[in-house]
1. Based on the Kirkwood radius over alpha-carbon pairs, what value in µm²/s does the Stokes-Einstein equation return for the translational diffusion coefficient of the stretch 13-230 at 20 °C and 1.002 mPa s?
2. How high is the relative contact order of the chain, in percent, counting Cα pairs under 8 Å that sit 6 or more residues apart?
3. Using +1 on the beta carbon of Lys and Arg, -1 on that of Asp and Glu, and nothing else charged, what's the dipole of the stretch 1-123 about the Cα centre, debye to 20?
4. Please list, in order along the stretch 86-96, the HN-Hα scalar couplings obtained from phi with the Karplus expression 6.51 cos²θ - 1.76 cosθ + 1.60 (θ = phi - 60°), rounded to whole Hz, x for Gly and Pro.
5. Determine the dipole magnitude for the chain: charges of +1 sit on the beta-carbon of Lys and Arg, -1 on that of Asp and Glu, nothing else is charged, the reference point is the Cα centre, and the result goes in debye to the nearest 20.
6. For the chain, what is the calculated [θ] at 222 nm in deg cm²/dmol (nearest 500), taking -39500 (n - 2.57) for each run of four or more DSSP H residues and dividing by its residue count?
7. Roughly how far apart, in whole Å, are the Cα centres of the stretch 232-287 and the stretch 101-175?
8. Toward the positive end of the charge dipole of the stretch 250-376, about the Cα centre and with charges on Cβ (Lys, Arg +1; Asp, Glu -1), which of Val371, Ala349, Ser255 goes farthest?
Amino acid sequence: MTPRLHAHARVDLSAIRDNVAALRSRTGAAEVMAVVKADGYGHGLLPSARAALAGGATWLGTALLEEALALRAAGLTGPRVLAWLMGPGERLADALAADVDLSANASWLLEEIADAARRHGRPARVHLKVDTGLARAGATPEDWPQVVEDAAKLQAEGLLRVVGVWSHLAYADAPGHATIARQARVFAQALEVAAAAGLRPEVRHLANSAATLTAPQQHFDLVRPGLAVYGLSPVPELASPAELGLRPAMTLAASLVLVKRVPAGSGVSYGHVYTTEAETTLGLVPLGYADGVPRAAGNVGPVLAAGRRRTVAGRVCMDQLVLDLGDDAAAVGDEVLLFGPGDRGEPTAQDWAEATGTISYEIVTRLGPRVPRVYTGDGA
Ligand SMILES: *Cc1c(COP(=O)(O)O)cnc(C)c1O
């Protein structure tokens, strides 16, 4: 498909670089793993990764092994890369060949990793993940001693090296929440169990963006910011990106593809859930829910168009949405901004999140492949 003309997401790579540098300046001795899963939170895997490295990240983090392998295949061989969401039958030999660190949270997975190492003739680098209270991807404290024992045995056989011990917080976006200290205590106990088994991980890591920015005592040896890399606030009720020294990297822009006058009382878009109050100008924006604009934005999604903030008129359709531009001057081809850093008066991804009952993470990651990413800034 040739790139589409009338809608795109501009991604400011200098902003990503500078955001990482800002994070790096707050982490002291702890290194920064820029999390680039989900296509760099929708910003593009490789450009985001390169910009993050330019900003001082020394590690890259992905959920999927395929994402980590794509980084290596593109020639990013310098940084450490960790992939953490594994099921049975993954391409573990490819991971070893590509020098990708692997997270492990269960004995069966350690066995699969060891098998790959046996076949590959080279030890795997493994980060053992403990569930300290999120109840998601880590080994429970009950299962942890067995996971540690199995890992220590495989390490002694030369099949793997436990280079990391790690966990993830449930409530990092609520600084001071009691679960943070509780999870940190469980983490400390898990580290003791690992030490008692003779494991000497190079890196212990716990902090996502919110903890990187608000909980320096949880930085350990490595922090794993994702959202903040892209300049969005992980604690929007407490601080804006600017207050955190961050700049949103993505601007979602489109051009009007039809402008027309309609009479008062015109029902607009499916179901006529919006009706014009007076004779007015409607502008057609060629972005819809198939592009990742939430359908929940009907009548509430904010857009900067014809010099002012508007609200999506009526339902968001699969490929298009309508704006009521009143009597303001507008022409086909005029640019409209759905969200961006906010300095031209445009809404932000956070505004979209609030309007549609979600989080900014979802607003940027849900943008689909039909929306071309256009790169600006250093490295574009
Ligand atoms: C996505 C993810 C991160 C990054 O989280 P942010 O809130 O975007 O900073 C860090 N660690 C793990 C395990 C993750 O899944």
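The values are calculated or read from the model by the stated rules, or taken from the named source; none is laboratory data. In this text, all values refer to a predicted model and were calculated from it rather than measured experimentally. Neighbour counts run over all protein chains shown; Cβ positions are idealised from the backbone, glycine included. For the accessible areas, the whole protein counts, side chains as well, though only heavy atoms, and no ligand, DNA or RNA atoms are used. Shrake-Rupley method; radii C 1.70, N 1.55, O 1.52, S 1.80 Å.
1. Once the numbers are plugged in, D ends up at 125 µm²/s.
2. 18 percent
3. Result for the stretch 1-123 is approximately 380 debye, rounded to the nearest 20.
4. 10, x, x, x, 6, 7, 6, 5, 5, 4, 5
5. 480 debye
6. Working: 11 runs with 108 residues, N = 380.
The helix contribution divided over the chain gives -8500 deg cm²/dmol.
7. Cα centroid of the stretch 232-287 versus Cα centroid of the stretch 101-175: 45 Å apart.
8. Val371
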